[in-house]
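*Asks:* So that we are looking at the same thing, I have put the structure below in structure tokens.
Where a number appears in this text, it was derived from the coordinates with a stated rule and is not lab data. These numbers were taken from a predicted model, which means no experiment stands behind them. All Cβ positions, even for glycine, are placed from backbone atoms using ideal geometry, and neighbour counts span all protein chains on display.
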Amino acid sequence: MESQRPFRQAILRGLGVVLPPLLTIALFFWAWSLVESYVLGPVDWAARTIVVTVIADISDTKTDTAVKEVGRKYIPQDIYNAVKQSPGDVDLMLKLDLEQASAHEIYHRYVRLVYLQPWAVIIIFIILFTISLYFIGEVLAARVGRGLFNLFENIINRIPLIRNVYSSVKQVTDFIVGDREQAIEFNQVVAVEYPSQGIWSIGFVTGTTMRTLHEKHGEPFVSVLMPTSPMPATGFTISVPVSQTVNLNITMDQAIQFVVSCGVVVPRTQIVGDNNATVGESTIVKQVIQGHIEQTEQDEELEQADADVVESDHNDE
């Protein structure tokens with residue numbers, strides 16, 4: 001049993017090293033496949049359809065330009081030859097059978113070969129997406145647009161289950177990409193002795209608080225947003241004296257990671273026992289852990305003694 005532990009520990013250490021990059025790569029591939037299937041695909045099809053509609057020279061009868069018969073339709077010979085030379089180089093999944101293809105299918109292939117190669121589709125998507133975001137933002141800035149958006153949100157908030165998911169996602173997105181003119185500007189990350197003495201919580205200083213508190217207590221107060229785990233976009237605001245806050249000297253990103261992970265992900269500079277930690281801190285942690293182990297062993301001994309007493313009484317009966 002003892003000989004298996006080093007092997008198991010080595011396996012776990014290996015997983016700890018390999019899994020993070022593998023899962024990161026897998027997550028990016030999954031996100032890209034979703035974008036390609038549900039965003040780039042429809043954009044590519046719509047763009048090709050528009051271009052084909054504009055440039056297509058398809059006729060029911062032979063003309064001066066439409067001379068090649070395809071599926072009872074006539075198209076230009078050079079269009080057919082271009083597709084014939086490369087029926088599936090752009091995308092093997094869209095390889096054409098020229099004997100069975102229609103005139104519109106050949107034109108779609110031609111447009112994909114000449115005008116809308118994959119890299120061009122990505123550029124077009126980025127441009128259209130940016131323009132769309134700009135117009136949506138401008139519309140929402142107007143009173144009519146804001147009213148329509150509020151109506152949409154009211155409808156969403158009346159649908160069970162969907163409203164719960166939507167509200168959570170909206171809180172996160174507002175927290176990350178909210179309007180900078182209305183967003184809360186966090187000055188620093190502090191620890192506050194809250195909700196009771198001896199219990200410390202992480203908070204974000206948002207600025208000075210109400211003047212009445214300053215005047216009544218004779219010292220400066222600050223407003224602190226206390227985020228909740230694992231959703232830091234939600235929380236509550238408290239007002240505390242500056243003297244009762246401890247500056248943690250960590251970044252906003254590190255604080256959010258700490259809150260989202262429920263305290264599992266601790267900033268490296270704040271890890272007790274790390275090279276940056278003091279010897280006294282390391283000693284305290286070791287004492288706490290050792291005391292916990294000793295207490296656990298004592299509890300197990302007491303439970304075993306109680307079990308022996310019960311068994312002895314049962315035998316006497």
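*Asks:* Check Gln188: other-chain or 5+ apart residues with amide H under 5 Å from its amide H, H built from backbone geometry?
*Replies:* Here Val205 satisfy the definition.
*Asks:* Give the order of Ile58, Ile162, Ile199 when sorted by the count of other beta carbons within 10 angstrom, beginning with the fewest.
*Replies:* Numbers: Ile58 18, Ile162 12, Ile199 9.
Lowest count first: Ile199, Ile162, Ile58.
*Asks:* Hey, what do the phi angles of region 142-148 turn into as Karplus ³J(HN,Hα) couplings, whole Hz, using 6.51/-1.76/1.60 and θ = phi - 60°, x for Gly and Pro?
*Replies:* My calculation for region 142-148 gives 7, 5, 5, x, 5, x, 5 Hz in order.
*Asks:* For region 188-265, what class follows from the C-alpha gyration tensor (a ≥ b ≥ c being the square roots of its eigenvalues): rounded when a/c is under 1.5, otherwise prolate if a/b is larger than b/c, else oblate?
*Replies:* Numbers: a/c = 2.09, a/b = 1.99, b/c = 1.05.
Cα axes put region 188-265 in the prolate bin.
*Asks:* Compute the relative contact order of region 212-271 as a whole-number percentage, counting only Cα pairs closer than 8 Å that sit 6 or more residues apart in sequence.
*Replies:* Details: 63 pairs, mean separation 16.9, N = 60.
Taking the mean separation of contacting Cα pairs over the length of region 212-271, I get 28 percent.
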